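Peer 1: I have a structure I would like to understand better, so I am pasting it below and will then ask my questions one at a time.
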Amino acid sequence: MTPVPHLDTPAVRTPHEVLTCYYQAMLDKSPDDLADLYAVDAVHEFPFTSPGFPPRYEGREAVRAGYRAAWGASPAQVLEVRRIAAYETADPEVIIAEHVAVGTMTTRATQFTVPGLLILHVRNGLITRAHDYMDGLGVAGARA
């Protein structure tokens with residue numbers, strides 16, 4: 001017999017749901033909402049890092065602090081995340097997503113587009129590892 005979940009037990013998010021929340025945190029420019037998607041000991045890596053960005057964050061609080069500093073200092077505002085595709089893998093805890101972030105630089109009212117690829121490892125509804133492949137030249141160009 002399958003146990004019935006308690007009504008006060010929160011549902012565990014699927015990798016697709018976590019991805020949707022991730023994109024919403026980008027749109028809201030909310031480091032807290034983003035960090036709350038991560039496990040306490042998660043790792044977020046930037047394999048193609050750009051100037052001014054660290055190669056990785058280790059732990060939820062490092063993700064929170066890193067994004068708070070980056071988003072707080074940036075005049076960039078993401079207006080739309082165009083989800084190109086989301087791919088399920090043989091591992092049900094892994095999702096791969098292609099996207100394009102479209103936004104504006106509030107200091108110059110210029111628009112930018114930055115393509116990216118995310119590989120998220122999600123266990124028990126939380127990101128345990130993220131590989132964030134964003135266009136470093138596009139990021140640097142948007143900030144210049």
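The values are calculated or read from the model by the stated rules, or taken from the named source; none is laboratory data. Note that the coordinates shown come from a computational prediction; the quantities given were computed from them, not determined experimentally. Ideal geometry is used to build each Cβ from the backbone, glycine not excepted, and the neighbour counts take in all protein chains shown.
Peer 1: I'd like the full set of residues that are in contact with a His (Cβ under 8 Å, 6 or more places away or on another chain) and farther than 17 Å from Met26 by Cα, limited to the range 110-131.
Peer 2: Listed by number, the residues that qualify are Thr128, Arg129.
Peer 1: Right, here's the next one. Of all residues in the range 45-83 being under 21 Å from Thr20 (Cα atoms) and among the β-branched types (Val, Ile, Thr), which is surrounded by the most Cβ atoms within 10 Å (Cβ to Cβ)?
Peer 2: So, considering only residues that are under 21 Å from Thr20 (Cα atoms) and among the β-branched types (Val, Ile, Thr), the one surrounded by the most Cβ atoms within 10 Å (Cβ to Cβ) is Val63.
Peer 1: Could you please find all residues in the range 121-138 being of a type in the set (A, V, I, L, M) and touching a Ser or Thr at 6+ places or on another chain (Cβ under 9 Å)?
Peer 2: Selection gives Val122, Met134, Leu137.
Peer 1: Hey, among the residues in the range 17-73 that are at pLDDT 95 or above and among the small types (Gly, Ala, Ser), which one's nearest to Gly125 (Cα to Cα)?
Peer 2: Ranking the qualifying residues of the range 17-73, first place goes to Ala39.
Peer 1: Still on this model: If you go through the range 88-131 one residue at a time, how many are outside any loop (DSSP other than H, G, I, E, B) and either more than 25 Å from Ala39 (Cα to Cα) or modelled with pLDDT of 95 or more (or both)?
Peer 2: Selection size over the range 88-131: 30.
Peer 1: Next question, about the same structure. Tell me the residue from Ala69, Ala85 that is farther than 17 Å from Glu45 by Cβ, in a strand (DSSP E or B) and among the small types (Gly, Ala, Ser), please.
Peer 2: Checking each option against the conditions leaves just Ala85.
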